[in-house]
Amino acid sequence: MKALVIGSSGGIGRALEARLRADPRFGTVVTLSRSEQGLDICDETSVAEAAHRLQIEYDAFDLIINATGALVINDSLPEKTIKTLSVDAMMAQFRVNAIGPALLLKHFQSLMPREMRSVFASLSARLGSIGDNRLGGWISYRAAKAAQNQIVKTAALEIARTHPEAVVVTLHPGTVMTRLSQPYLKVHQAVTPDHAALRLLDVIANLRPSHSGGFFSYSGQPIDW
């Protein structure tokens with residue numbers, strides 16, 4: 001099988017790549033990132049060109065994982081109250097955590113085989129759940145991840161019409177010991193990137209087309225929208 005990891009230079013992305021390369025079921029593991037291949041998920045030309053190159057070289061992938069995302073952008077910390085909301089900070093969150101995944105789905109769905117099982121999994125966050133929001137705060141990040149969930153859900157319905165065996169989902173990896181979560185590790189219990197990757201790949205292995213459009217935790221349990 002063939003796998004593609006987008007955002008492979010991040011902590012979870014690197015761990016997913018390592019796990020997939022060690023899995024004998026995957027003969028080909030391809031990576032994309034800004035630092036290594038110059039991919040800018042917020043630039044449609046960059047995304048479209050990457051998808052075109054990959055289609056020529058590899059045709060299709062059994063597994064595509066979007067491991068991109070950001071919590072602190074341009075030194076703008078998550079808001080504790082709506083009174084501190086910044087338009088620029090909120091726009092930056094939406095560009096990375098919502099528009100980026102939307103562009104990936106737009107252009108990379110052509111890399112999914114039509115007649116056999118394939119998975120497009122995008123890393124979201126439980127904080128993007130509206131139903132599970134009991135603490136407030138972090139408005140821009142929450143809203144951007146909630147938007148990503150809606151984008152993936154909507155795209156899954158459309159992709160199912162041409163790819164009946166496809167699985168298109170968002171996944172919550174939990175709190176992982178990465179640079180992104182470093183300031184919050186004293187408050188939240190965290191796991192290593194390798195452990196997070198192992199859990200995510202276990203969930204992906206058990207997903208079926210009937211799960212497409214869903215939002216799942218690292219435990220495999222569905223999360224409220």
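The values are calculated or read from the model by the stated rules, or taken from the named source; none is laboratory data. These figures come from a predicted structure and were not determined experimentally. Here the Cβ positions follow ideal geometry from the backbone for every residue, glycine too, while neighbour counts run over all protein chains shown. With ligands, DNA and RNA removed, areas are computed over all heavy atoms of the protein, side chains included. Shrake-Rupley method; radii C 1.70, N 1.55, O 1.52, S 1.80 Å.
Data overview
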read-out: Fraction of beta bridges assigned by DSSP in the chain that are antiparallel (%, nearest 5); value: 10
read-out: Of I41, I139, I64, the one that fluctuates the most in a GNM where the chain has Cα springs shorter than 10 Å; value: I139
read-out: For V176, residues with placed amide H under 5 Å, excluding near neighbours; value: V191
read-out: Correct choice for Rg and Dmax of the Cα atoms in Å that was computed from the model, options (i) 20.9, 74; (ii) 16.5, 52; (iii) 19.3, 65; value: (ii)
read-out: Packing-based order for 50-56, 92-98, 5-11, using average beta carbon neighbours within 10 Å, highest first; value: 5-11, 92-98, 50-56
read-out: Amide proton proximity set for L39, modelled H, under 5 Å, gap of 5+; value: S33, R34
read-out: Most to least packed among 108-121, 74-87 [average Cβ atoms within 10 Å]; value: 108-121, 74-87
read-out: Surface share of carbon and sulfur [accessible, 1.4 angstrom probe, percent] for the range 1-145; value: 53
read-out: Residue-normalised accessible area of the range 1-120, given per residue in Å² at a 1.4 Å probe; value: 51
